[in-house]
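First up is the structure itself, then whatever we jot down about it.
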Amino acid sequence: MPILAHHHDTSIHRNNDNHKDCLDVIPKICDTPIKYDNPNYKSTWSHRVWVATGCTTILFSLTNSIIGSIGSHLWLEPILAGFVGYLFADLGSGVYHWAVDNYGDESTPLFGMQIDAFKRHHKWPVVITEHQFANHLHVIARAVTFAFLPINLIFHDYPIVMGFMASASGCIMFSMQFHCWAHVAKNKLPSIVVALQDARVLLSRSQHGTHHLPPYGKSYCIVSGVWNKFLDENKVFESLEMVVFFMFGVEPRSWSEIDSNWIQDKQISNKLGSRRLNHIIITKTAYINTPK
Ligand SMILES: [Zn+2]
Ligand SMILES: [Zn+2]
């Protein structure tokens with residue numbers, strides 16, 4: 001079966017004569033059929049151990065922040081630091097999401113699996129809701145453990161730093177769960193989650209919906225989405241894309257309209273039965289209709 005040359009190959013984008021050829025072949029990702037109740041979506045004990053390790057890292061920061069606050073009678077500063085950590089996590093999630101959506105491919109060292117996962121998410125957005133909890137979070141839990149635990153061990157005596165770390169690491173680790181909730185119908189979510197989404201504390205469906213609609217280059221932040229408006233209105237990512245292009249000659253995927261790998265596969269989605277079809281309808285239309 002012919003394989004689509006990856007859209008990261010900029011020679012494709014620069015030559016319009018190649019566009020038809022690219023559209024005539026079946027993208028590689030279509031070689032993998034969607035299987036619900038797929039064992040690949042289930043959590044393993046290894047996944048659960050990594051999520052437990054990530055949670056331990058977060059709790060370590062939180063505990064040290066509280067103990068340090070009691071000891072130093074500092075309360076306002078660690079709480080403010082926690083709020084800054086929450087904002088930082090949303091911004092960081094946007095930068096990371098933008099990077100993996102636009103650059104690299106499955107063979108990219110360290111990030112190849114994440115790039116492929118985000119590609120699949122754009123192709124079949126609803127599949128994100130099929131993953132079990134630890135299956136979905138174990139990769140980011142591992143990253144949180146390696147990135148934050150050493151800093152926690154060094155700065156455990158500083159309650160302000162620990163307040164920031166607890167909030168930032170917690171929001172980063174659970175960002176994928178917040179993202180998942182933004183793809184679930186409200187009547188299937190716990191009421192507390194819906195309330196937090198409505199209050200814009202967590203990523204709302206309407207905010208994330210614009211990310212899955214053309215031109216596929218907006219609303220990258222997936223913790224609260226609080227940065228999305230600022231980043232989109234000021235064309236921050238578009239400016240970064242220009243910098244990357246002029247410095248390295250690499251075009252982001254969001255500039256391309258020819259690669260079906262990242263466009264939602266409605267044909268396959270429509271074969272998934274009524275429950276999944278309901279999700280697809282939500283993805284395709286409810287976001288648009290939800291008041292912004
Ligand atoms: Zn994306
Ligand atoms: Zn999404």
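The values are calculated or read from the model by the stated rules, or taken from the named source; none is laboratory data. Everything numeric here is computed off the predicted structure, so don't read it as measured data. Virtual Cβ from ideal backbone geometry, glycine too; neighbours counted across all protein chains shown.
Computed quantities for the displayed model
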| item | result |
| --- | --- |
| Residue within region 144-167 that is within 16 Å of ligand 1 (Cβ to nearest atom) and out of contact with any strand residue (DSSP E or B) (no Cβ under 8 Å at 6 or more places or on another chain) present | no |
| Residue identified as of a type outside the set (Asp, Glu), in a loop (DSSP other than H, G, I, E, B) and either surrounded by fewer than 21 Cβ atoms within 10 Å (Cβ to Cβ) or out of contact with any Phe, Trp or Tyr (no Cβ under 6 Å at 6 or more places or on another chain) (or both) among LEU80, LEU74 | LEU74 |
| Residues of region 194-206 satisfying the condition of being assigned to a helix (DSSP H, G or I), farther than 17 Å from ILE128 by Cα and either within 11 Å of ligand 2 (Cβ to nearest atom) or not small (Gly, Ala, Ser) (or both) | VAL194, LEU196, GLN197, ASP198 |
| Matching option when the condition is out of contact with any Phe, Trp or Tyr (no Cβ under 8 Å at 6 or more places or on another chain) and either part of a helix (DSSP H, G or I) or not basic (Lys, Arg) (or both), among ALA147, ALA141 | ALA147 |
| Among (1) crowded, with 22+ Cβ neighbours inside 10 Å; (2) more than 21 Å from TYR86 (Cα to Cα), the one test that GLN132 misses | (1) |
| Residue list for region 111-142, restricted to those being modelled with pLDDT under 90 and more than 15 Å from ligand 2 (Cβ to nearest atom) | MET113 |
| Filter result for ILE128 (without any contact (Cβ under 8 Å) to a residue 60 or more places away in the chain and in contact with a Ser or Thr (Cβ under 8 Å, 6 or more places away or on another chain)) | no |
| Restricting region 218-256 to residues that are among the small types (Gly, Ala, Ser) and without any contact (Cβ under 8 Å) to a residue 60 or more places away in the chain, the residue that is nearest to ligand 2 (Cβ to nearest atom) | SER219 |
